[in-house]
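Have a look at the structure below, then the notes.
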Amino acid sequence: MSERDYYEILRDLPRRRKVWDDIAELYQDPKWQDAVVRACRESGYSWEELDHIAHYEVAPTIWSSLEYYLGAGEPFFSSDWLAARIVKKVGRPHHALVVKLLGRRMMRPLDQSWREVERRFKSGGGGGAD
């Protein structure tokens, strides 16, 4: 990720945080698909940007702590925790390499849910926007 991209994320933080939060919920419960589709549509991002957000921003952040949180039986990630971790991770020089090497593995817990979100987003169905 270039320095320019990093600063674009910071400038767009309020809009991006809603998308981060909803995508992160898919890791805990795939029933959040409707909320995620709705948030994705309302964000105004293209599907390509949303897919990038899921793969390069949310997945690496959640994946590194997923086992601990899912086994703890406690509330999932807070919005503030998620935002702080994403901003910290995407700013690291080696972040893109880690995602390239582990990206598919990091997305595996939500592969099916994310594909369904994509289908609904692109078809205009689901997410309460029918």
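The values are calculated or read from the model by the stated rules, or taken from the named source; none is laboratory data. All values derive from a computational prediction rather than experimental measurement. With ideal geometry, Cβ positions are generated from the backbone for all residues, glycine too; neighbour counts draw on all protein chains shown.
For this structure, a couple of remarks:
- Any hit, the range 9-17, residues being more than 26 Å from H94 (Cα to Cα) and without any contact (Cβ under 8 Å) to a residue 24 or more places away in the chain: no
- Residues located in the range 13-55, provided they are aromatic (F, W, Y) and surrounded by fewer than 17 Cβ atoms within 10 Å (Cβ to Cβ): W47
- Scan of the range 1-44 for residues that are part of a helix (DSSP H, G or I) and of a type in the set (S, T, N, Q), ordered by number: Q28, Q33, S43
- Matching residues, the range 41-52, being modelled with pLDDT of 90 or more and under 26 Å from L97 (Cα atoms): Y45, S46, W47, E48, E49, L50, D51
- Scope the range 59-85; condition surrounded by 17 or more Cβ atoms within 10 Å (Cβ to Cβ), part of a helix (DSSP H, G or I) and at pLDDT below 70; matching residues: L66
- Selected residue (criterion: nearest to the chain's Cα centre (by Cα)) from residues of the range 39-53 that are of a type in the set (A, V, I, L, M) and under 16 Å from D5 (Cβ atoms): I53
- Boolean, D34 is farther than 22 Å from R115 by Cβ, out of contact with any Phe, Trp or Tyr (no Cβ under 8 Å at 6 or more places or on another chain) and at pLDDT below 90: no
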